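**Q** One structure, as structure tokens, below. Some questions next.
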Amino acid sequence: MDNIYIVANWKMNGDNIFNRDLLSLIERNSIVSDSSHMIVCPPMPYLHQVNNQKSSYMMLGAQDISQYDNGAYTGETSGTMLADLNIEYVIIGHSERRELYNEDNSVIKDKFSKAIENNIKPILCIGETIEHRNSGQTFDYIHAQIDAIISNNKLDNLKDLIIAYEPIWAIGTGQTATPEIAEEVHAYIRNILLNTDSNLAANTPILYGGSVNSENAEKLFRMENINGALIGGASLKADEFSKIYNIAGELTNE
Ligand code: 13P
């Protein structure tokens with residue numbers, strides 16, 4: 001296995017002391033691997049702290065980016081601000097942003113553009129609701145979410161793309177998609193990329209997210225088209241998160 005990406009989405013959790021302790025425990029428990037890449041995405045107010053306190057092998061990501069450049073947008077954080085803080089990655093279109101803050105594919109397309117303009121690598125989240133799945137609309141829905149980005153960007157804009165497939169019914173529910181269910185969608189996503197460009201298909205990491213833990217990670221990572229995980233709950237537990245990272249490291253060395 002080539003490269004695996006382990007991304008921590010802390011969501012709206014943490015504080016100065018919790019973050020410091022979590023980072024130092026992760027550092028203590030993790031076996032650093034060149035081909036297993038760790039990205040930590042704390043809440044905005046703690047980006048600076050995590051940037052200062054993280055180990056050099058950990059990369060830093062934000063959880064969101066504004067679709068605007070600057071101005072009267074209270075509470076928003078622009079791409080230039082994230083670039084100013086040396087943020088390397090940004091999560092775009094997380095289902096919680098789509099569902100709770102009404103971000104549709106058009107807004108997400110604009111946010112994607114701001115990430116690219118500021119040289120921040122996008123982690124594009126997609127995924128269906130249980131209603132889509134039960135009514136047989138999963139693939140159409142996923143297709144529309146990806147197409148909103150692919151059809152509006154030239155290939156050069158997609159060179160650092162990471163896709164995270166997060167079925168909404170599996171997020172925070174403890175109900176992980178089985179490796180087979182996840183792989184079916186990942187293979188479908190790979191095929192969409194292939195229809196655009198073979199290098200894009202070969203080079204785009206497709207991560208799985210939704211109740212990933214140290215028990216289910218290995219089986220997921222062994223699937224052909226699963227290149228890592230976007231992790232919520234388990235990323236707040238140092239031992240769990242390090243275990244998942246170490247599993248990824250072992251698999252890349254096989
Ligand atoms: P959980 O790992 O808590 O299910 O969250 C997944 C997620 O939404 C990561 O972005």
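Just so you know, all these numbers are worked out from the coordinates, no wet-lab data involved. No experiment lies behind these values; they were computed from the predicted model shown. Don't worry about glycine lacking a Cβ; one is built from the backbone with ideal geometry, like all the others, and counts go over all protein chains shown.
**Q** Pairs Lys54/Lys111; Lys11/Lys219; Lys159/Lys219; Lys121/Lys159; Lys114/Lys159: which are spaced more than 19 Å apart, C-alpha to C-alpha?
**A** Values: Lys54/Lys111 26 Å; Lys11/Lys219 25 Å; Lys159/Lys219 28 Å; Lys121/Lys159 9 Å; Lys114/Lys159 15 Å.
Those over the limit are Lys54/Lys111; Lys11/Lys219; Lys159/Lys219.
**Q** Pull up all non-local amide H partners of Met58: gap of 5 or more, or a different chain, and H-to-H distance under 5 Å with H placed in the peptide plane.
**A** When sequence neighbours closer than 5 places are left aside, there are no close amide H contacts.
**Q** So if I place +1 on the C-beta of Lys and Arg and -1 on the C-beta of Asp and Glu, and nothing else carries charge, what would the dipole magnitude of region 1-110 be about its Cα centre? I want it in debye, nearest 20.
**A** Values: 7 positive and 15 negative charges, 60 e Å.
For region 1-110, the charge dipole is close to 280 debye.
**Q** Which ³J(HN,Hα) values, rounded to whole Hz and listed in residue order, are derived for region 24-32 from phi using the Karplus coefficients 6.51, -1.76 and 1.60 in 6.51 cos²θ - 1.76 cosθ + 1.60 with θ = phi - 60°, glycine and proline given as x?
**A** In residue order, the calculated couplings are 6, 5, 4, 4, 5, 8, 9, 9, 5 Hz.
**Q** Net charge around Lys121, counting only other residues with Cβ within less than 14 Å of its Cβ (Lys, Arg = +1; Asp, Glu = -1)? Mind dumping the intermediate values first?
**A** Numbers: positive: Lys111, Lys114, Lys159; negative: Glu88, Glu117, Asp156, Asp160.
Summing Lys/Arg as +1 and Asp/Glu as -1 gives -1.
**Q** Using Cα springs under 10 Å in a Gaussian network model of the chain, which residue among Ile206, Ile126, Ile146 shows the largest mean-square fluctuation?
**A** Comparing Ile206, Ile126, Ile146 in the GNM, the peak value goes to Ile146.
**Q** So what's the back-of-envelope 222 nm ellipticity for the chain, counting only DSSP H runs of four-plus at -39500 (n - 2.57) apiece and dividing by all residues, rounded to 500?
**A** Calculated at 222 nm, the ellipticity per residue is -12500 deg cm²/dmol.
**Q** Using θ = phi - 60° and the Karplus curve 6.51 cos²θ - 1.76 cosθ + 1.60, what whole-Hz ³J(HN,Hα) does each residue of region 240-254 get, with Gly and Pro shown as x?
**A** Ordered by residue, 3J(HN,Hα) equals 5, 5, 5, 4, 4, 4, 5, 4, 4, x, 4, 5, 6, 8, 5 Hz.
**Q** Among Ser106, Ser33, rank each residue by its count of other Cβ atoms within 10 Å, from fewest to most, as a rough exposure measure. Intermediate results must be reported in sequence, preceding the final value.
**A** Working: Ser106 11, Ser33 20.
Listing Ser106, Ser33 from fewest to most nearby Cβ atoms yields Ser106, Ser33.
**Q** Whose amide H sits under 5 Å from the amide H of Ile92, counting only residues 5 or more places off or on another chain, with H placed in the peptide plane?
**A** Placed amide hydrogens put Ile123, Leu124, Cys125 under 5 Å from Ile92.
**Q** Another question, then. Calculate the FRET efficiency for Leu194 and Glu88 from the Cβ-Cβ distance with a Förster distance of 35 Å, rounded to the nearest 0.05. Write out the running numbers ahead of the final one.
**A** Values: r = 27 Å, r/R0 = 0.76.
For R0 = 35 Å, the calculated efficiency reads 0.85.
**Q** Setting aside same-chain residues fewer than 8 positions from Lys154, which aspartates and glutamates have a Cα under 17 Å from its Cα?
**A** The qualifying aspartates and glutamates are Asp110, Glu117, Asp197.
**Q** Next question, about the same structure. Using the count of nearby Cβ atoms within 10 Å as a rough guide to exposure, how do Ser56, Ser151, Ser30 rank from fewest to most?
**A** Numbers: Ser56 6, Ser151 9, Ser30 22.
Lowest to highest Cβ neighbour count: Ser56, Ser151, Ser30.
**Q** Over the alpha-carbon set of region 46-135, work out the extent along each principal axis and list the three values in angstrom, largest first.
**A** 47, 33, 21
**Q** Full extension from Tyr57 to Asp147: what is 0.36 nm times the residue separation minus their Cα-Cα distance, to one decimal in nm?
**A** Details: separation 90, 0.36 × 90 = 32.40 nm, distance 3.27 nm.
Gain on stretching Tyr57 to Asp147: 29.1 nm.
**Q** For Arg222, what residues show an amide H to amide H distance below 5 Å, using hydrogens built from the backbone and excluding near sequence neighbours?
**A** Amide H neighbours of Arg222: none.
**Q** What is the dipole size for the chain, taken about its Cα centre, with +1 at each Lys and Arg Cβ and -1 at each Asp and Glu Cβ, in debye to the nearest 20? Numbers along the way, then the final one.
**A** On the way: 18 positive and 34 negative charges, 65 e Å.
My answer is approximately 300 debye.
**Q** Now for a separate question. Given C-alpha coordinates of the chain, what is the ratio Rg to Rh with the Kirkwood estimate of Rh?
**A** Here the Rg-to-Rh quotient is 0.94.
**Q** Then there is this: Can you give the local net charge around Ile108? Use residues other than it whose beta-carbon is closer than 9 angstrom to its beta-carbon, Lys and Arg +1, Asp and Glu -1.
**A** Values: positive: Arg97, Arg98, Lys109, Lys111; negative: Glu103, Asp104, Asp110.
Charge balance in the 9 Å sphere: +1.
**Q** Zone of Asp239 (label point 7 Å along Cα→Cβ, backbone N under 15 Å): which residues in region 199-231?
**A** 214-215
**Q** For region 112-120, what does the Karplus curve 6.51 cos²θ - 1.76 cosθ + 1.60, with θ = phi - 60°, yield as ³J(HN,Hα) per residue in whole Hz, taken in order and with x for Gly and Pro?
**A** Each residue's phi maps through the Karplus curve to give 4, 4, 5, 4, 4, 4, 9, 6, 10 Hz.
**Q** Identify the residues of region 72-106 with backbone N under 17 Å of a label point that sits 7 angstrom from the Cα of Met12 along the Cα-to-Cβ direction, or state none.
**A** Hits in region 72-106 for Met12 at 17 Å: 74-77, 93-103.
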